[in-house]
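Beneath this line is the structure, given in structure tokens, with notes to follow.
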Amino acid sequence: MLISDTMCAALNQQIGHEFGASLQYVALAAHFDRLTLPMLAAHYYRQADEERSHALRFVHYIVETGGRVEVPAVPAPKSRFDTAEEAAKAALDHEMGVTKQIAALVDLAVKEQDRIAENMLQWFLSEQLEEVHSARSLLSVVQRAGEDGLLQVEDYLARRRERSASAPAPESNG
């Protein structure tokens with residue numbers, strides 16, 4: 001087995017955190033969907049899918065290293081938000097928490113001299129930088145727009161999505 005019981009247990013906990021994050025993003029998306037803010041809803045539905053894929057990445061890693069996957073119970077997400085700012089802040093707070101969780105996993109991998117886990121977790125650290133930046137940026141836009149300017153946030157997200165869809169694909173080295 002390429003994974004210790006301690007590391008396996010910690011990664012199983014992280015699987016629960018990632019699935020919990022996915023559910024929280026679904027709740028955020030549904031909140032904005034209900035308010036007929038389709039771009040905000042789509043943004044958070046995409047985030048939900050991404051968090052689910054992160055959970056599955058951990059699942060596959062545990063299986064590949066010979067560990068046993070034991071998905072923990074996931075707490076119910078918060079579903080009610082008084083303002084768009086509160087919802088966007090909840091997303092940022094969540095990403096900050098996940099960043100701390102991933103850093104703790106890296107610390108554990110270093111302590112256990114588990115170079116394979118340490119290497120795998122580097123991807124998650126880079127991903128968290130992107131996630132925190134994205135959540136912080138969106139919160140800033142929501143704050144500047146205010147509750148009466150949420151259609152401007154919708155426009156911002158639509159333009160951002162168009163730009164990313166029309167951006168040239170990165171060149172491959174192969």
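Worth a mention:
- Hey, Glu118 within 18 Å of Ile15 (Cα to Cα), among the acidic types (Asp, Glu) and at pLDDT 95 or above or not: yes
- In the range 28-47, residue farthest from Ser134 (Cα to Cα) [restricted to those that are surrounded by fewer than 19 Cβ atoms within 10 Å (Cβ to Cβ) and among the small types (Gly, Ala, Ser)]: Ala30
- For the range 150-171, the count of residues that are over 28 Å from Glu85 (Cβ atoms), part of a helix (DSSP H, G or I), of a type in the set (Gly, Ala, Ser) and in contact (Cβ under 8 Å) with a residue 24 or more places away in the chain is zero.
- Scanning the range 9-18 for residues that are crowded, with 21+ Cβ neighbours inside 10 Å and in contact with a Lys or Arg (Cβ under 9 Å, 6 or more places away or on another chain) yields a count of 1.
- Residues that are surrounded by 14 or more Cβ atoms within 10 Å (Cβ to Cβ) and small (Gly, Ala, Ser), drawn from the range 53-102: Ala55, Gly67, Ala84, Ala87, Ala88, Ala90, Ala91
The values are calculated or read from the model by the stated rules, or taken from the named source; none is laboratory data. Bear in mind the structure is a predicted one, so any value in this text is a computation, not a measurement. We place every Cβ from the backbone using ideal geometry, glycine too, and count neighbours over all the protein chains shown.
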